[in-house]
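Each remark here refers to the structure printed beneath this line.
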Amino acid sequence: MFELILGQFTSGLSVGMVFFLIAVGLSMVFGTLRVLNVAHASFYMLGAYLCYTITHFLGPSSGMFWIALILAPIGVAIFGGILELLVLRPIYKRELLYQLILTFGLILIIGDIVKLTWGVQFYQVNIPWPLLGTVSFLGTRLSYYHIFMIAMGPIILILIWGLLHKTRLGSVIRAVTYNRDMSSALGVNVSLVYTIVFMFASWLAGLGGTLMAPMASVFLGMDTTVTIECFIIIVIGGFGSTGGAFLGAIVFGLANSLGILVLPKQAIAFGFIAMAAVLIVRPWGLLGKPE
Amino acid sequence: MNIIGREKLVFCAIFLAIFITLPFFVGGGWTSLIIEMFIMAIAATAANLMAGYGGMVSFGVAGFYGAGAYITALLITKAGFPFGVALVAGPVGASIIALPIGWFCVRRTAIYFSMLSLAFAQLMYVIVYTWYSFAGGDDGIVGIPIPAFLNSTLSYYYFTLAIMVICLIAMWLIVNSPFGKTIQALRENQERANFIGINIRRYQHAIFIISSFFLAVAGSLYCGFNQNVFADYMFWTKTFDIIIVYLLGGIYIFIGPTIGAIIYILANKIIIRYTEYWPIILGMMIVFITLFMPNGVAGFIWNRISTTKKQ
Amino acid sequence: MEVKNLKKFFGGISAVRNVTFKLEAREISSIIGPNGAGKTTLFNLITGKCPPDEGEVYFNGENISRLQPFQICHKKLGRSFQITNIFPKLSVYENIQVAILSSRGINKNFFNRADRLVKKETMEVLINLGLTEKKDVLGGLLAHGDQKLLDIGISLASNPDLILLDEPTAGMSPQETVKTTELVKKLAKERGMTVLLIEHDMNVVFSISEIIRVMHQGELIAEGKPDEIKSNNRVQQIYLGEQG
């Protein structure tokens, strides 16, 4: 029994970390650009597909994964940057409804681009060397890869925190988030900041996809498996809050994986119940700030 | 103003005449298609009561659409109610559900309202999706019987047309009534509305319920049309379909969502015949409309007509 | 209307400190004071936009301190805004109409054509405002001066017994200012309204007010007839002196 719980705990935590990577980007984009990019999960999917292509580039060797880990997110970031310049810029000043629908349109477009490029098969990416196998822990076996994924979460969290609070770029980003017009008046190139933040968020989502690829299959529709879940996470954690996304993602990942042990079919309801509860009681989320 | 009124009436009469006579010129497949358009028109116009007239974007509209369908289906299959009663009970039941849900939702604004309405709709979806014994779970409910006189495409066509006309007239009266003006004032400036004596929450709650009622009418009609219900009817992708339809048509014109429904379903069925890549085409249509025609197709045409009139 | 010991704090700052005064029926009076004196906050407290931390507001003998703005409006207390607050995508006609419908309680009506109702009353207000030619123009497209006029019109439309006007002539040209001042005087006489203005334009203040109250740093420091205020040393020092 204990082994089962621990196993669910680690898989829930590792999936939670991937959710964190996607959700935090979505949250940052909303916090800074004030745009809710519904298509954010498409970047996640793109990352996974790019990971597959890169790892199979010179034949299915598992050493290539590490190259993919570096290149795939960058590829997604570049794609995100182009998208931001061409399609997103015109709608910053518009109401929420138009932003939502436009980005929903992007989900459809990116989805079909992926289908045209890679087809409809499911793809597999192998767990890379040296993370194959499991280790013994408290009487149960934990996969090295799960541990790796769990470790990535806090590493990225610290990376983001460091970026935002210890670098000049970070303080500029925080200034623009806090007050766009004032920053602009002070000479900040707000458009450039927007593009950088969007590319960074895309990079994070692509990283999430790359990390997830060896764990699950790479397939069309991966994006819709995480879209709503990310909304739940950033609502619970708080729009615009990095720590909130981390907290929310862990809570969500664990609630899901442990909830399945208790009430398998209804487990998906917990997320929505939590979401509704937060919105009713404390709409700005656990770690967000009231506007 | 009066001249435009008369023109609108003529336009409606022509519209009606076309749809009444159409089935005699086109085949059964097309007739079915148009029934879907009618149903979508009701749903999108209903959702637009909140969005275009009230400024409240609900992401949970599919929930009430599906609720109407499920209530109708369950009453017929589990309780043996006659179709007519079940059809009326659908919207009534959905309105009752909308009472508490709406109460909570209107206490939040903007994106929080959208997210909360989404959460409630998804909860309804989960309930229906997992409750196998009662609601059929992910198998849904199929083979729902409808009365013999409605059992042909042609008769259901006229049935749906009649209901659509009634619903559209009702909704039109509502938006042009003092209540409707109040809702529009709320969309424009909530604070100012408060200061002229409008109880914001109460009015928003009311329009939420009214919108849900008509959404459920569409859902119930669809249930009768397909003679089945599935959990998908409540899923968020259905909400986005409805939102796309009203945006496509134009949210600031009453007939906008109806025009959007016609274009959307037509485009869908035609394009799907030739390619499997309907999503990317739809996506590009959406991006185009959002960037270049924010008032939708109807809005675009209306602007053209207005400017040529001025010249 | 009576205001007793009104206090309001924001954070650590006292925006309104212990303000007490009484308005007689049909009195036309103004509140003046430098920026930040707490005048608009006072209006917000009276009209229910924010609740007082201490003190009470009475209107016609009733304690309205904790009521919501929409409830206070129905008690016949109206208000216009310093920063124009209108319904931009509704036409000028509709802006006024919806205010009248609301005050009459007709706005719960579902099935009558709104156009046909209250047409006479709406046109009357528009004639008074001088906006009849622009009645179909969308509110948001009006020039600033006309928008302010519309704002005042919306508050007048519900036919209040007491109207609070927050800087009604701010940003208006001299002609518009005169027009607005005349309108306020005329309607006050015709309808027997009590008027309380916040104003910075001293010409308007002195030409229209029977009583002037001066606020400074949240306190009411002087109250009296225009001549008394003009000759009040402290007021001159704090306020008029700065202008001179």
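The values are calculated or read from the model by the stated rules, or taken from the named source; none is laboratory data. Remember, it's a predicted structure, so these values are computed and weren't measured experimentally. Cβ placement follows ideal geometry from the backbone for every residue including glycine, while neighbour counts extend to all protein chains displayed.
Filtering segment A:97-109 down to residues that are facing chain B (nearest Cβ under 8 Å) and within 19 Å of the chain's Cα centre (by Cα), which residue is nearest to residue B:252 (Cα to Cα)?
The selected residue is A:100.
Which of the numbered conditions does residue B:116 fail, given that it passes all the others? Conditions: (1) hydrophobic (A, V, I, L, M, F, W, C); (2) within 7 Å of another protein chain (Cβ to nearest Cβ); (3) within 30 Å of residue C:79 (Cα to Cα).
Status for residue B:116: all satisfied but (3).
Looking only at residues that are free of Cβ contacts under 8 Å to residues at least 12 places away in the same chain and in a helix (DSSP H, G or I) in segment B:284-298, which one is farthest from residue A:115 (Cα to Cα)?
B:292
Listed residues B:221, B:154; which is under 30 Å from residue B:28 (Cα atoms), surrounded by fewer than 20 Cβ atoms within 10 Å (Cβ to Cβ) and more than 13 Å from chain C (Cβ to nearest Cβ)?
Being under 30 Å from residue B:28 (Cα atoms), surrounded by fewer than 20 Cβ atoms within 10 Å (Cβ to Cβ) and more than 13 Å from chain C (Cβ to nearest Cβ) holds for just one of B:221, B:154, which is B:154.
Which of the residues belonging to segment A:187-202 are touching a residue at least 60 places away in the same chain (Cβ under 8 Å) and within 17 Å of the chain's Cα centre (by Cα)?
Scanning segment A:187-202 gives A:197, A:198, A:199, A:200, A:201, A:202.
Counting only residues that are part of a loop (DSSP other than H, G, I, E, B) and touching a residue at least 60 places away in the same chain (Cβ under 8 Å), how many does segment A:239-291 have?
So the answer is 3.
Just to be sure I understand the filter: pairs with C-beta atoms under 6 Å, separated by 6 or more residues or on different chains, first member in segment B:78-98 and surrounded by 20 or more Cβ atoms within 10 Å (Cβ to Cβ), second member among the basic types (Lys, Arg). Which pairs pass?
Pairs that qualify, where the first residue is surrounded by 20 or more Cβ atoms within 10 Å (Cβ to Cβ) and the partner is among the basic types (Lys, Arg): there are none.
Of A:160, A:228, which residue is within 30 Å of residue A:280 (Cα to Cα) and more than 14 Å from chain B (Cβ to nearest Cβ)? Lay out the reasoning, then the answer.
Values: A:228 fails: more than 14 Å from chain B (Cβ to nearest Cβ).
Result: A:160 is the single residue among A:160, A:228 that is within 30 Å of residue A:280 (Cα to Cα) and more than 14 Å from chain B (Cβ to nearest Cβ).
Residues of segment C:48-80 being in contact (Cβ under 8 Å) with a residue 60 or more places away in the chain and surrounded by 23 or more Cβ atoms within 10 Å (Cβ to Cβ), which ones?
Across segment C:48-80, the qualifying residues are C:73, C:77, C:78, C:79, C:80.
Please go through (1) surrounded by fewer than 24 Cβ atoms within 10 Å (Cβ to Cβ); (2) more than 14 Å from chain C (Cβ to nearest Cβ); (3) in contact (Cβ under 8 Å) with a residue 24 or more places away in the chain for residue B:226 and return the number of the only condition it doesn't satisfy.
(3)
Quick one: residue B:188 ticks every box in (1) in contact (Cβ under 8 Å) with a residue 24 or more places away in the chain; (2) more than 14 Å from chain C (Cβ to nearest Cβ); (3) of a type outside the set (A, V, I, L, M, F, W, C) bar one, so which box is it?
(2)
Could you figure out which of (1) surrounded by fewer than 24 Cβ atoms within 10 Å (Cβ to Cβ); (2) outside any helix (DSSP H, G or I) isn't true of residue B:251?
Of the numbered conditions (1) surrounded by fewer than 24 Cβ atoms within 10 Å (Cβ to Cβ); (2) outside any helix (DSSP H, G or I), the odd one out for residue B:251 is (1).
For segment B:219-236, which residues satisfy the criterion of being part of a helix (DSSP H, G or I) and either small (Gly, Ala, Ser) or in contact with a strand residue (DSSP E or B) (Cβ under 8 Å, 6 or more places away or on another chain) (or both)?
Once the filter is applied, which keeps residues that are part of a helix (DSSP H, G or I) and either small (Gly, Ala, Ser) or in contact with a strand residue (DSSP E or B) (Cβ under 8 Å, 6 or more places away or on another chain) (or both), segment B:219-236 yields B:219, B:220, B:223, B:224, B:231.
Consider segment A:133-160. How many of its residues are surrounded by 18 or more Cβ atoms within 10 Å (Cβ to Cβ) and either among the hydrophobic types (A, V, I, L, M, F, W, C) or modelled with pLDDT under 80 (or both)?
Step one: list which residues in segment A:133-160 are surrounded by 18 or more Cβ atoms within 10 Å (Cβ to Cβ), which gives A:142-143, A:145-146, A:149-150, A:152-153, A:156-157, A:160.
In the following step, the residues that additionally are either among the hydrophobic types (A, V, I, L, M, F, W, C) or modelled with pLDDT under 80 (or both) were identified as A:142, A:149-150, A:152, A:156-157, A:160.
Result for segment A:133-160: 7.
Being without any contact (Cβ under 8 Å) to a residue 24 or more places away in the chain and surrounded by 16 or more Cβ atoms within 10 Å (Cβ to Cβ) is the filter; apply it to segment A:110-132 and report the residue that is nearest to the other protein chains (Cβ to nearest Cβ).
The selected residue is A:112.
For residue A:279, indicate whether it is at pLDDT 85 or above and either at negative phi or within 11 Å of chain B (Cβ to nearest Cβ) (or both).
Taking the combined requirement at face value, the residue satisfies it.
Any idea which of A:29, A:35 is assigned to a loop (DSSP other than H, G, I, E, B) and under 20 Å from the mean Cα position of the chain (by Cα)? First the steps, then the outcome.
Details: A:29 fails: assigned to a loop (DSSP other than H, G, I, E, B).
Every option except A:35 fails the conditions.
Here's a check for you: in segment B:123-149, which residue that is farther than 16 Å from residue A:266 by Cα, in contact with a Phe, Trp or Tyr (Cβ under 7 Å, 6 or more places away or on another chain) and not β-branched (Val, Ile, Thr) is farthest from the other protein chains (Cβ to nearest Cβ)?
Here the residue is B:147.
Mind listing just one residue for me: the one in segment A:79-96 that is assigned to a helix (DSSP H, G or I) and within 12 Å of chain B (Cβ to nearest Cβ) and, of those, farthest from residue A:55 (Cα to Cα)?
A:96
So which residues in segment B:16-47 are over 23 Å from residue B:241 (Cβ atoms) and part of a helix (DSSP H, G or I)? Walk me through how you get there before you give the answer.
Of segment B:16-47, the ones over 23 Å from residue B:241 (Cβ atoms) are B:16-18, B:20-28.
Correct list: B:16, B:17, B:18, B:20, B:21, B:22, B:23, B:24, B:28.
When only residues in segment C:136-152 that are crowded, with 17+ Cβ neighbours inside 10 Å and charged (D, E, K, R) count, which is farthest from the chain's Cα centre (by Cα)?
C:146
Which residues, taken from segment B:254-283, are without any contact (Cβ under 8 Å) to a residue 60 or more places away in the chain, within 14 Å of chain A (Cβ to nearest Cβ) and either surrounded by 15 or more Cβ atoms within 10 Å (Cβ to Cβ) or part of a loop (DSSP other than H, G, I, E, B) (or both)?
Of everything in segment B:254-283, those that are without any contact (Cβ under 8 Å) to a residue 60 or more places away in the chain, within 14 Å of chain A (Cβ to nearest Cβ) and either surrounded by 15 or more Cβ atoms within 10 Å (Cβ to Cβ) or part of a loop (DSSP other than H, G, I, E, B) (or both) turn out to be B:267, B:268, B:271, B:275, B:276, B:277, B:278, B:279, B:280, B:281, B:282, B:283.
I'd like the residue in segment C:115-134 that is more than 11 Å from chain B (Cβ to nearest Cβ) and part of a loop (DSSP other than H, G, I, E, B) and, out of all such residues, is nearest to residue C:181 (Cα to Cα).
Going through the qualifying residues, I end up with C:130.
Taking the stated definitions as given, is residue A:174 outside any strand (DSSP E or B) and either charged (D, E, K, R) or modelled with pLDDT under 85 (or both)? So that I can check it myself, show each step before the final result.
Values: outside any strand (DSSP E or B): yes; either charged (D, E, K, R) or modelled with pLDDT under 85 (or both): yes.
Yes, satisfied.
Here are some residues: B:245, B:287. Which one is crowded, with 24+ Cβ neighbours inside 10 Å and modelled with pLDDT of 90 or more? Give the derivation first.
On the way: B:287 fails: crowded, with 24+ Cβ neighbours inside 10 Å.
Unique residue meeting the criteria: B:245.
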